[in-house]
Amino acid sequence: MKMKKLLVVSGLVLAVFIAAISETSAQTIYGCSNNKTGVLRGLSLSPVTCRKTETAMTWILTGAQGPQGPTGPQGAQGVAGPTGATGATGATGAAGATGATGATGPKGDTGATGATGAAGVANGISKVVHGIVNWNGEIWAGSGDFAVIDMHDAGLAWAYIVQFNTPFSAAPSCMVAPYVVGAPPDPLPPYALVYDVSPEFLYFYQSNIAFNEERRFSFTFTCVQ
């Protein structure tokens, strides 16, 4: 009977000790058991040295791992998190291949007629001024883009100036000849035409004339460039 009481007491001591350390992280209890009485001594969480009359005892608090329990029910879906920041712009991709040529469209309407171009050069001639002038400076005929000055009124008998309304780009080539209406005088007096020319005007006079001003001759001229 006494032995049973000692074992009960020892069991109670061990139970109290286990309860005292249940809130710690210790997993093993060390102690010594009297070989005759079974009384426990030196309960500790660290290994202890037992007497010759005692047996070292060890109690492991963690048991063997049990079988895996059944899978629990799926939890409720959590609240959606905030939208993340915009990522950096990616690198530009490589250029795509050239597409196939499209079909030819329908023919468009005929466009309006363009303006007439400037007059071309005929046989290398770009400009011509010509005329027939009476002896008193009156213009009888011609291209119309010139004026005549009778220098007789300025004291230069037999002299004339033909002024070009639009100057040539350079001194033109000119030809001057007398112009006789009807039968020429008999005999036709000897004379010569002496002239000078510039891009702006033609100047000439009749020389070697031994008659008075009533016998001045009309003339014709042509200047080309």
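Of note:
- Inter-label distance for THR71 and TYR195, nm, one decimal - labels placed 7 Å from Cα along Cα-to-Cβ: 12.1 nm
- Taking amide H as placed 1.01 Å from N in the peptide plane, the amide H of LEU43 sits under 5 Å from that of CYS32, each at least 5 places away or on another chain.
- Linear extension gain, GLN163 paired with LYS36, 0.36 nm per residue minus alpha-carbon span: 29.5 nm
- Our coupling estimate for the stretch 99-113, obtained by passing each phi through the Karplus curve with A = 6.51, B = -1.76, C = 1.60 and θ = phi - 60°, is x, 5, 5, x, 5, 5, x, x, 5, x, 5, 5, x, 5, 5 Hz, Gly and Pro reported as x.
- Scanning residues 5 or more positions from THR28 or on other chains, those with amide H under 5 Å from its amide H are LEU61, with H placed 1.01 Å from N in the peptide plane.
- When peptides 28-38, 93-103, 46-56, 158-168 are sorted by average Cβ neighbour count within 10 Å, with the highest value leading, the order is 158-168, 28-38, 46-56, 93-103.
- Peptides 137-144, 171-178 ordered by packing proxy, namely the average of other Cβ atoms within 10 Å per residue, highest first: 171-178, 137-144.
Every read-out reported here was derived from the displayed coordinates using simple, explicitly stated rules and does not represent laboratory data. In this text, all values refer to a predicted model and were calculated from it rather than measured experimentally. Ideal geometry is used to build each Cβ from the backbone, glycine not excepted, and the neighbour counts take in all protein chains shown.
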